[in-house]
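The values are calculated or read from the model by the stated rules, or taken from the named source; none is laboratory data. Just so we're clear, the structure is a prediction, and the values are computed from it rather than from any experiment. Quick reminder, even Gly has a Cβ in these numbers, built from the backbone with ideal geometry, and neighbours come from all protein chains shown.
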Amino acid sequence: MTSVMASAPPHAGAEIFERILAAASGLVVLESRDVDAHALIDQFRAIARHTGQAVYLWQPDTGLSSLRDVHVRVPDCQRLGNALRYMQQSMHFGVYFLVGLELPLSAMNATLLRQLARAPKEHLRRVVLIDAPAALAEHLGALAVRLSSEDSQPRRLRLRDGRWLV
């Protein structure tokens, strides 16, 4: 068994992704305390490839890139401010994961995050801050929905065909 498989339950990514899509706000703060963030991103990548949905990842060193198509980078979105403006102007469905945010954020970037949280409901767009600094999560307050990578419901074992299933 590989360490990636051992570090995250196989369906954790799908369950978390569904909770992200169901969130009441356009901005989600995801704490991945019980699951390795890289393993979680790999699971989101598999979901994006399987469903064909527009799922993106922003990192400080690589900028904004598609999780579905490994080599596709969004031009001019290396800097956080440019990536946030791209997310705000997009009129299409999209889930944007941001990893590696560091404080202090510029006033413009903080404003863009607040605007993304208040995005119109007719455009399903979610901006997900993975393991954001506690001060940033506190600053966003009620604008952002807080999620944890821990299961929202306790797992119940079922016996089916002589095997225990989760």
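This table checks each residue for (1) surrounded by fewer than 19 Cβ atoms within 10 Å (Cβ to Cβ); (2) more than 17 Å from the chain's Cα centre (by Cα); (3) not small (Gly, Ala, Ser).
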{"site": "LEU98", "(1), (2), (3)": "no, no, yes"}
{"site": "GLU102", "(1), (2), (3)": "yes, no, yes"}
{"site": "MET108", "(1), (2), (3)": "yes, yes, yes"}
{"site": "GLN115", "(1), (2), (3)": "yes, yes, yes"}
{"site": "VAL127", "(1), (2), (3)": "no, no, yes"}
{"site": "PRO133", "(1), (2), (3)": "yes, no, yes"}
{"site": "GLU138", "(1), (2), (3)": "yes, yes, yes"}
{"site": "GLY141", "(1), (2), (3)": "yes, yes, no"}
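Identify, from the list GLN78, GLN59, the residue that is more than 13 Å from the chain's Cα centre (by Cα) and modelled with pLDDT of 90 or more.
Exactly one of GLN78, GLN59 is more than 13 Å from the chain's Cα centre (by Cα) and modelled with pLDDT of 90 or more, namely GLN78.
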